[in-house]
Amino acid sequence: MRKPLIFVSLALVASILLAGCGGASAPATTAPTNTAAATATAAPAASSGTSVVAVAPTSANLSGELTLAGSTTVEPLAEALAAALMKANPGLRIAVQGGGSSVGVKSAGNGTVDIGTASRELTADEKSTYPDLQAFTIARDAIAIVANPGVKPVNLTKDQVRDIFSGKITNWKQVGGDDAAIVVVAREEGSGTRAAFEEMVMGKDAAIVNTAILQNSNGAVRTTVASTPNSIAFLSLGYLDKSVQPLSINGVLPSLETASNGTYPIVRPLLYLTKGEPKPLAKAFIDYTLSKEGQDLVEQQGYLRVH
């Protein structure tokens, strides 16, 4: 009688152990009900050639704290992505701050934030100063040329835009508008939007006129143009709303469609930056941003998806 009891006891122990192992591994292998990031492939890093392998962060039970800082263009997009990921992972806390692209580069390069953000390419000096910096393209953005709603709609060339912002053209009548002095509004030094605008429109031989009204965020630029008669500015497409009037460049108005098909000429990358390879929590956030769900949010926020 003792041998059967021993066999029964061993069988019970084995079944308990197997059940325990199966229960421990279930969360890692259970497919998410929502297809958040299960199949996305990451975009290549803008400056390092590195890429991120996508995971399914909404099913990973993420927890801990993550900090981002930098571009005010990327800020609302990162906030929307953070809110969605935190909703799926109650133990996760993500703090997103602005400050400008230069702040994002410096903060990431110094390791004072987990992820820096920038709305322009890295400069040669930045790459030299922070050789370990990894850059990941997470979206693209058109820079819209906008005017106060009271300005007569005009079609500009890129050369005319450059001449307006450099102070060479000073009256709207010079470009087919009404007889009124042009008020230039621009971003401050250190802004990624300004740096991208200077690179793609102003070039090396022209500078933004020193009488321009400078603002420290895209939101402040939009508010200033909306309330300042005869004003003009450059603005992230994601901030475009009915309070300002977009102007066409070479006959093309800025939109997701025209920026995507290449007919609108002023488009720049939006970047996440990390010091070296991203740590696990930062990597999960990058993966989520590059997932189908993340890229859907990118598009909903008025930016261009990267794949």
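The values are calculated or read from the model by the stated rules, or taken from the named source; none is laboratory data. Bear in mind the structure is a predicted one, so any value in this text is a computation, not a measurement. Ideal geometry is used to build each Cβ from the backbone, glycine not excepted, and the neighbour counts take in all protein chains shown.
Restricting the range 264-307 to residues that are modelled with pLDDT under 95 and of a type in the set (S, T, N, Q), which is farthest from residue 145 (Cα to Cα)?
300
Go through (1) within 17 Å of residue 297 (Cβ to Cβ); (2) touching a residue at least 40 places away in the same chain (Cβ under 8 Å) and name the single condition residue 114 misses.
It is condition (1) that residue 114 fails.
Yes/no matrix, rows are residues, columns are (1) closer than 16 Å to residue 120 by Cα; (2) under 12 Å from the mean Cα position of the chain (by Cα); (3) in a strand (DSSP E or B):
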position	(1), (2), (3)
67	no, no, yes
81	no, yes, no
85	no, no, no
95	no, no, yes
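Restricting to the range 202-218, what's the tally of residues that are touching a helix residue (DSSP H, G or I) at 6+ places or on another chain (Cβ under 8 Å) and modelled with pLDDT of 95 or more?
To start, the set of residues in the range 202-218 that are touching a helix residue (DSSP H, G or I) at 6+ places or on another chain (Cβ under 8 Å) comprises 202-203, 206-209, 212-213, 215, 218.
Then keep just the ones that are modelled with pLDDT of 95 or more; that gives 202, 206-209, 212-213, 215.
Residues meeting the conditions: 8.
If you go through the range 236-253 one residue at a time, how many are touching a strand residue (DSSP E or B) at 6+ places or on another chain (Cβ under 7 Å) and modelled with pLDDT of 95 or more? Even if it seems obvious, please write down each step before you answer.
If we filter the range 236-253 for residues that are touching a strand residue (DSSP E or B) at 6+ places or on another chain (Cβ under 7 Å), which is where we start, we get 236-238, 240, 244-249, 251, 253.
Keeping just the survivors that are modelled with pLDDT of 95 or more gives 244-249, 251, 253.
The qualifying residues number 8.
I'd like to check something: does the range 171-181 contain any residue that is modelled with pLDDT under 95, outside the structural domain of residue 94 (by TED's automatic domain parsing), outside any loop (DSSP other than H, G, I, E, B) and not small (Gly, Ala, Ser)?
No, the range 171-181 contains no residue that is modelled with pLDDT under 95, outside the structural domain of residue 94 (by TED's automatic domain parsing), outside any loop (DSSP other than H, G, I, E, B) and not small (Gly, Ala, Ser).
Please name all residue pairs, on different chains or six or more residues apart, with Cβ atoms under 9 Å, provided the first residue is in the range 210-229 and is assigned to a helix (DSSP H, G or I) and the second residue is at pLDDT 95 or above and among the basic types (Lys, Arg).
From the range 210-229, the pairs are 218/187; 220/187; 221/187.
Looking only at the range 219-246, filter to residues that are surrounded by fewer than 21 Cβ atoms within 10 Å (Cβ to Cβ) and of a type in the set (A, V, I, L, M); which one of those is farthest from residue 299 (Cα to Cα)?
Only one residue tops the list, namely 226.
Those residues that are of a type outside the set (Phe, Trp, Tyr) and either in a helix (DSSP H, G or I) or touching a Gly at 6+ places or on another chain (Cβ under 9 Å) (or both), I need them from the range 277-290; list them, please.
Passing the criteria: 280, 281, 282, 283, 284, 286, 287, 289, 290.
Here are some residues: 158, 152. Which one is surrounded by fewer than 22 Cβ atoms within 10 Å (Cβ to Cβ) and out of contact with any strand residue (DSSP E or B) (no Cβ under 8 Å at 6 or more places or on another chain)?
On the way: 158 fails: out of contact with any strand residue (DSSP E or B) (no Cβ under 8 Å at 6 or more places or on another chain).
152 is the lone residue from the list that is surrounded by fewer than 22 Cβ atoms within 10 Å (Cβ to Cβ) and out of contact with any strand residue (DSSP E or B) (no Cβ under 8 Å at 6 or more places or on another chain).
Assess whether residue 271 counts as being of a type in the set (A, V, I, L, M, F, W, C), over 15 Å from the mean Cα position of the chain (by Cα) and under 21 Å from residue 85 (Cβ atoms). It would help to see each step written out before you state the result.
Details: of a type in the set (A, V, I, L, M, F, W, C): yes; over 15 Å from the mean Cα position of the chain (by Cα): no; under 21 Å from residue 85 (Cβ atoms): yes.
In short, no.
Quick check: anything in the range 152-160 at pLDDT below 95, under 25 Å from residue 299 (Cα atoms) and of a type in the set (A, V, I, L, M)?
No, the range 152-160 contains no residue that is at pLDDT below 95, under 25 Å from residue 299 (Cα atoms) and of a type in the set (A, V, I, L, M).
Give me a count of the residues in the range 292-307 that are within 13 Å of residue 260 (Cα to Cα) and either touching a Lys or Arg at 6+ places or on another chain (Cβ under 6 Å) or among the β-branched types (Val, Ile, Thr) (or both).
Final tally of qualifying residues: 3.
Right, residue 127: in contact with a strand residue (DSSP E or B) (Cβ under 9 Å, 6 or more places away or on another chain), of a type in the set (D, E, K, R) and closer than 19 Å to residue 279 by Cα or not? Talk me through it step by step, then tell me what you get.
On the way: in contact with a strand residue (DSSP E or B) (Cβ under 9 Å, 6 or more places away or on another chain): yes; of a type in the set (D, E, K, R): yes; closer than 19 Å to residue 279 by Cα: no.
Answer is no for this residue.
For residue 86, only one of the following conditions fails: (1) in contact with a Leu (Cβ under 8 Å, 6 or more places away or on another chain); (2) surrounded by 20 or more Cβ atoms within 10 Å (Cβ to Cβ). What is its number?
(2)
Per-residue answers, yes or no, for (1) crowded, with 24+ Cβ neighbours inside 10 Å; (2) on the phi < 0 side of the Ramachandran plot; (3) assigned by TED's automatic domain parsing to the domain that holds residue 203; (4) outside any loop (DSSP other than H, G, I, E, B):
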residue	(1), (2), (3), (4)
109	no, yes, no, yes
113	yes, yes, no, no
120	yes, yes, no, no
126	no, yes, no, yes
135	yes, yes, no, yes
165	yes, yes, yes, yes
168	no, yes, yes, no
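Do you know which residues across the range 171-219 are within 14 Å of residue 231 (Cα to Cα) and among the acidic types (Asp, Glu)?
Of everything in the range 171-219, those that are within 14 Å of residue 231 (Cα to Cα) and among the acidic types (Asp, Glu) turn out to be 178, 179.
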